[in-house]
1. Rg to Rh for the chain: what is it, with Cα atoms only and Rh by Kirkwood?
2. Using alpha carbons only, how many angstrom separate the centre of region 37-54 from the centre of region 355-403?
3. Under a Cβ-Cβ cut-off of 15 Å, what is the net charge of the residues other than G202 that fall near it, where Lys and Arg count +1 and Asp and Glu count -1?
4. Residue-wise, which Karplus ³J(HN,Hα) couplings in Hz belong to region 289-301, taking 6.51 cos²θ - 1.76 cosθ + 1.60, θ = phi - 60°, and x for glycine or proline?
5. Using a Förster radius of 45 Å, what is the FRET efficiency between R375 and I16 based on their Cβ-Cβ separation? Nearest 0.05, please.
6. Bins of 5 Å, beginning at zero and ending with the bin holding the largest distance: percent of Cα pairs per bin for region 2-118, please.
7. Along region 337-351, what does the Karplus equation 6.51 cos²θ - 1.76 cosθ + 1.60 (θ = phi - 60°) give for ³J(HN,Hα), rounded to whole Hz, x for Gly and Pro?
8. Any chance you could tell me what percent of the C-alpha pair distances in region 312-376 go past 17 Å?
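The values are calculated or read from the model by the stated rules, or taken from the named source; none is laboratory data. For clarity, every value in this text was computed on a predicted model and none was experimentally measured. We place every Cβ from the backbone using ideal geometry, glycine too, and count neighbours over all the protein chains shown. Only protein heavy atoms, including side chains, enter the accessible area calculation; ligands, DNA and RNA are left aside. Shrake-Rupley method; radii C 1.70, N 1.55, O 1.52, S 1.80 Å.
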Amino acid sequence: MNVYDSERMAEALAGIGFAPVDAPDGADMVILNTCHIREKAAEKVYSELGRLRQLKQDKADAGGRMIVAVAGCVAQAEGEEIQRRAPMVDMVFGPQTYHRLPEMVARAERAAGVKLIDTDFPAEDKFDHLPSARGAKGVAAFLTVQEGCDKFCTFCVVPYTRGAEASRPVAAVLAEARALAAAGVREVTLLGQNVNAYHGDGPDGREWGLGRLARALAEIDGIARIRYTTSHPRDLDDDLIAAHRDVPELMPYLHLPVQSGSDRILDAMNRKHTADDYRRLVDRLRAARPDIALTSDFIVGFPGESDRDFADTLKLVGEIGYAGAFSFKYSPRPGTPAALSESQVPEAVKDERLAGLQQLLEAQQDAFNRATVGRALPVLIEKAGRKPGQLVGRSPYLQPVHLDGADLAADTPIGTLVECRIDELRRYSLFATPLAARQERRNVA
Ligand code: SAH
Ligand code: SF4
């Protein structure tokens, strides 16, 4: 989501003459796009600002001016605090204000020393200001379909920083997807904090769910792959499961966070489902699409988590078998109910549990990657590799796949889907051989 938002900011600023650079040294403007989800991410902002203070000074000494801005969810949540702790910051603005960026920058440029804070939630439609046809750069692109969240899991700041759940109308999503396809995009990842809660107004006057949206997107000429993230188990409805069975473009790779395997903890987290509900959901997904692989997020050391609760998490992981996962130590966030709990888990216990869980998850990820060796899989070619004649693409499971052969590179434009046999796993990369010399061809405009 933040990568997507950074692209939106870059586009808004391109309109007033800014171009992106690789490093902050000497830049006219530096924006930190921040994440508030865990304390560690939020604290990083202040250490980065410490570094930027020197760069801003260097630029001033050379007679120039560097505007320093903090954007994103830390800005949303801690606007005044940032200005207090880091007075050299010129602008602080939240995720709902990016369309006002050119105007804000113009004001900051006019008046050095004036501080701007904009953390409003607009009354107007959240999606009104999204760029309509973005300059797509590769074969894979993000596409926002939903924003915000109404779930209020007791550990999470998202409902406070990103606001209420809202879905973009179907027609707007399809129009952007068509524009992306016309610019050479072959894979779209639908984005939303709670993406499968999607319920956009359809052209037929009805509300469409994500399954129906995926079916319509799959019809667009050029779109070969569809993904979506992040889903909540409670919102995975029958139609979306059926879409995984019926729509080959919907990739068999789903991020479906469970957080914990203990019913007691799931209840305290306000997740609104049990571990068994999750098991049944996974069974139904696998029945619909047998080659589907799952990833998840986990929190260890949620307040009140006992050794037994944690053992239930390990048990669930052992049963499901994940292709990958993110796991985090519980981090108390200001304003969330769980932060007020008196049964916080000691840091040392969290460390130990995290290490145990990660060991299991890494072993599963490794086993999954190994199990792809010998399989025939379609690879979407994304770019040239480092070696001459080499191509790099991705499997349906987002694994990087390398293909060698000078003839092949000459024959296979970026954006082609190549059916391959996976030969070998080296570290995290797969190496593969195309199954037929010439594959589906499609030139990218
Ligand atoms: N909407 C998604 C999650 C979005 S936040 C869902 O419902 O699953 C991304 C991940 O950050 C979460 O899945 C969770 O594992 C982690 N996370 C969120 N708040 C956290 C906190 N306070 N401490 C530790 N991890 C947290
Ligand atoms: Fe946060 Fe996800 Fe829960 Fe929403 S559903 S509150 S984004 S963890």
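1. Working: Rg = 23.1 Å, Rh = 23.8 Å.
Rg/Rh: 0.97.
2. Each part reduced to its Cα centre gives a spacing of 33 Å.
3. -1
4. For region 289-301, the Karplus-derived couplings read 9, x, 8, 6, 10, 10, 10, 8, 10, 10, 10, 9, x Hz, x marking Gly and Pro.
5. 0.35
6. Histogramming region 2-118 at 5 Å steps yields 2, 11, 24, 26, 23, 11, 2, 0 percent.
7. For region 337-351, the Karplus-derived couplings read x, 5, 5, 8, 4, 8, 9, 5, 8, x, 3, 5, 5, 4, 4 Hz, x marking Gly and Pro.
8. 55
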